[in-house]
Amino acid sequence: MWFSFWRSRDRFSLDELRYLTDQLMKVQVVNAVNKDFVIEALRSIAELITYGDQHDSAFFEYFMEKQVMGEFVRVLKISRTITISVQLLQTISIMIQNLKSEHAIYYMFSNEHINYLITYSFDFRYEELLSYYISFLRAISGKLNRNTISLLVKTQNDQIVAFPLYDEAIRFAFHEENMVRTAIRALTLNVYHVGDECVNDYVSSDPHADYFLNLVKFFQEQCISLNTLVLDASKNSGPVSTSTIFSAVDEIEDNLYYFSDVISAGIPDVGRILTDSILKLLIFPLLLPSLRREDVDGTKIGPMTSLYLLCSILRIVKIKDLANLVAAALFFPIEAFMLRSEAKLNGHMPGTGISHENHSPDNDKLSPEVVSRSLRVTVPNSSSDINLQDDVIRHNINGSKTALREALLSYVTSGNDVQVLGSLSVLATFLQTKGCTYDSSIVLDYCLQLFSHQFLGAVELEETMLDAIGILPQRKQHKKLLLVLQSALKEVSPLSSILWLPQVPQFAEYVACKQALVGEGSGEEQLFSSESSSMKDGVSNELDCYLQKLKDQYGLSYSCPEVGVSPRVHRFQVLDALVSLFCRSNISAETLWDGGWLLRQLLPYSEAEFNSHHLKLLKESYKNCSSGLHAEARGTWSDVLITVLCDEWKNCKRAIEASSPRKEPKCLLFPSQKCSSEAIPGESSFVAGDRMWELVKVFVLLHQVQIFSTGGALPDQPPVHPPLDVPEKPQANTADLDVFGLKPGAELKLVDAVPCRISFERGKERHLCFVAISVGTSGWIVLAEELPLKKHYGVVRVTAPLVGCNPRIDDKHSRWLHLRVRPSTFPFVDTTKRAAQGKLKTNALVDGRWTLAFRDEDSCKSAMSMIVEEINLLCNEVERRLKPLFDLGMSVDLSNHNKSLQVSSSRTSPSNSLLF
């Protein structure tokens, strides 16, 4: 037999297939003697069937005639080695994956051979066998459609009673090996997207629906593990812990995307099960209660991890009810969730509930009194200013229950940097759950709607919930009012509308609203001078609906007095919190930029939402920041100040005008690393540079906030004076020097140069000439070697930045001049360098030091005076160029004097302190 098997034959021929099949049918038992032949026969048959499917249908006809699939199953039954099982699974997987003919696939799935192999009791103690089995299942799922899926299910009375492929697959859904879990998820998605209603009923009915419940429970465990990693990393930060968190975050987000893919299959019951499971097992018992809870153990999640998870869930899992229920839950006090120690799904099997210990709220933190003080609400141009403010304060201090919404805002007003970023991320995530937009001409689009009877219908619920929370953008508010007006005109006869449409009373308001929507006319501010009762009723009805659902379906029984407060008050609470944020000095510029983005989304077109209190706070904060920037004009990095400011101006404008925040929610888990003031000397230029960089970013933000909050357009460049064509009295003029070519080896005229000695290496003293040079906003300390053949000229040997050199004559040796040598380039502008800064060793952030020895005391003082004079010239030029920036208060007041009497009267006249 062995001789005949290896005889010369055409490898890809029907005779070869006949021969292999005949030999395989003669095998009565598979053992160590013939297993190699059986393995080779199985592999070759798969190769021939795949070849025949593409070139000759006679191959597969013979395969069916001889019922080779049955032979495969027989060989599996009589085999005694694991290698046969592996090869058989691999053989059938290859055939299924490569067969293109629907007829061939249909045959493969018939006769119950595939189902037999699926349910066969393989010994999965061998990891290789499990891997091939999972690949086998996934290959089958890749060929599923409405026709083939019916061959793999068992029915009774027109209902599916068994689906071996799905049932066996989900047994491995939570396997410890990630590759296995990934393959099973791909398989289940292939099943869900077939769209067979009977299959959909099967997977969403008991007990198979427990799979989705277990998915959320598995995800819950991953979230708790992530929180443990975050806590450990906060205590022992390092590249290993960061890498571990990144891996955990990737897996969590992969799970969320899987949830989203499952929902996109369009199985209503599955969406409902996932929504209930996520709310009852994760969001209500763990995430929402932790927003005010500092103590964290193995069964709880910390505040920052909770904020990250909330953002990720709402951003990735796009379930409409889920987003709106979470938004409605913000009106409940945290105690409403903390008191629910068990979360159970209706009708689920015992043991699936998640429980945790009850905790009393930390009343010393985020107290209602603090919240009421930090969220001061006033409404401009309204006679009810005081009443609204008193109403909100009474609401905040009513009892001891603070709503989750207020807890989020309190993070903005009084939390640390990460808490502020987390709260802003949640608000931004809600803000980005927008309904559809539309844009067309005023009369034409309305007439077309009349003729086609296609009104815009109800606004997406997300927008009404955004309005209730207080973060609905003004453009969306206009659109909402448009819908109300269109509803009022809904009964207009389309046949006669062209003739008498302009005479309809509501049509004028409709046109005004459309004009405001596209930024035309002056109706925008009038639209919100008073709130439409129909709009308010619409918001209340939608919110009441979801609040009632939370009470009836999820057992939240706390009263929500905030619901009775006007959405306009909630908008002012958010605005107050953001203005308060911009007045804080202990928050990083990066986080403040995120606050600027959110404010830009809420107030893109009008200053009507700002009142005198807001403007006063912003102006004071801007004034303080201006003083700091003016001081930096004579600081360690004044020579690069304008360059950094121009770069950050463009970056800030791009950030706050972007369609979405720059940072992903995962940034909450990785706080930015800054220079440690303990590891770096206090006089280090790196500390000064970090301080200046932060100050510039804050200044730029406050400058731009004042511009767009008063109705102005943000320019592409900051308003600074251009450089002078001819410097007034630079040393470079007399030195005959091209400052842009100042490099070692360049020639320069040694005017007023002072001879000195310096040693860069032990025992090697060099005699050089010292000169300080400034041109515009650039300056250098130059050490040059005199040319012997060219009198009064020298060659540059070494340079150092002029600004920040901190010249000091030695106390004991009056001929010695000490200089600090800081980097010549600003190390914080490049974000990649900034990100890697935390990995640098401490000695890499230490400035250089020069000690110059002069011939006498007068020469040393002369060098010192030269440095001071050139630094003053440089700093004066920096101040001259920055002067228009400090004149912002005057220009804003003049440009907006006629816009709002209240706003202009609330501002003081431009102060000379801003002009410096």
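Would you call L748 under 22 Å from E869 (Cα atoms), assigned to a strand (DSSP E or B), more than 45 Å from the chain's Cα centre (by Cα) and at pLDDT 90 or above? Spelling it out, it is not the case that L748 is under 22 Å from E869 (Cα atoms), assigned to a strand (DSSP E or B), more than 45 Å from the chain's Cα centre (by Cα) and at pLDDT 90 or above. Scanning segment 134-155 turns up one or more residues that are part of a helix (DSSP H, G or I) and over 24 Å from S101 (Cβ atoms). Here is the figure for segment 763-808: residues that are in contact with a His (Cβ under 9 Å, 6 or more places away or on another chain) and open to solvent by 50 Å² or more (accessible area, probe 1.4 Å) total 4.
Anything in segment 156-176 that is surrounded by fewer than 14 Cβ atoms within 10 Å (Cβ to Cβ) and either of a type in the set (K, R) or assigned to a helix (DSSP H, G or I) (or both)? List them, or say none.
R171
Listed conditions (1) under 28 Å from the mean Cα position of the chain (by Cα); (2) more than 24 Å from E127 (Cβ to Cβ) are all met by V199, apart from (1).
Scanning segment 259-279 for residues that are over 14 Å from A209 (Cβ atoms) and open to solvent by 10 Å² or more (accessible area, probe 1.4 Å) returns S260, D261, I263, S264, A265, G266.
When V720 is tested against (1) crowded, with 17+ Cβ neighbours inside 10 Å; (2) at pLDDT 90 or above; (3) in contact with a Lys or Arg (Cβ under 9 Å, 6 or more places away or on another chain); (4) closer than 18 Å to R654 by Cα, exactly one condition is not met: (4).
For segment 225-258, a tally of residues being open to solvent by 30 Å² or more (accessible area, probe 1.4 Å) and not hydroxyl-bearing (S, T, Y) returns 11.
In the set L48, L129, only one residue is surrounded by 19 or more Cβ atoms within 10 Å (Cβ to Cβ), farther than 24 Å from V199 by Cβ and out of contact with any strand residue (DSSP E or B) (no Cβ under 9 Å at 6 or more places or on another chain); that residue is L48. Among the residues making up segment 308-334, those that are of a type outside the set (A, V, I, L, M, F, W, C), farther than 13 Å from L287 by Cα and open to solvent by less than 10 Å² (accessible area, probe 1.4 Å) are N324, P333.
When Q87 is tested against (1) open to solvent by 60 Å² or more (accessible area, probe 1.4 Å); (2) under 17 Å from F37 (Cβ atoms), just one condition goes unmet, and that condition is (1).
Note on segment 867-883: among residues that are over 46 Å from the mean Cα position of the chain (by Cα) and open to solvent by less than 20 Å² (accessible area, probe 1.4 Å), the one that is nearest to L641 (Cα to Cα) is E870. Residues in segment 636-656 that are out of contact with any Phe, Trp or Tyr (no Cβ under 8 Å at 6 or more places or on another chain) and open to solvent by 10 Å² or more (accessible area, probe 1.4 Å): T636, D639, I642, C646, D647, K650, N651, K653, R654.
The values are calculated or read from the model by the stated rules, or taken from the named source; none is laboratory data. Only a predicted model underlies this, so the values are computations on that prediction, with no experimental measurement involved. For neighbour counting, all protein chains shown are included, and Cβ atoms are generated from backbone atoms with ideal geometry for every residue, glycine included. Note: accessible area is taken over every heavy atom of the protein model, side chains too, but ligands, DNA and RNA are not part of it. Shrake-Rupley method; radii C 1.70, N 1.55, O 1.52, S 1.80 Å.
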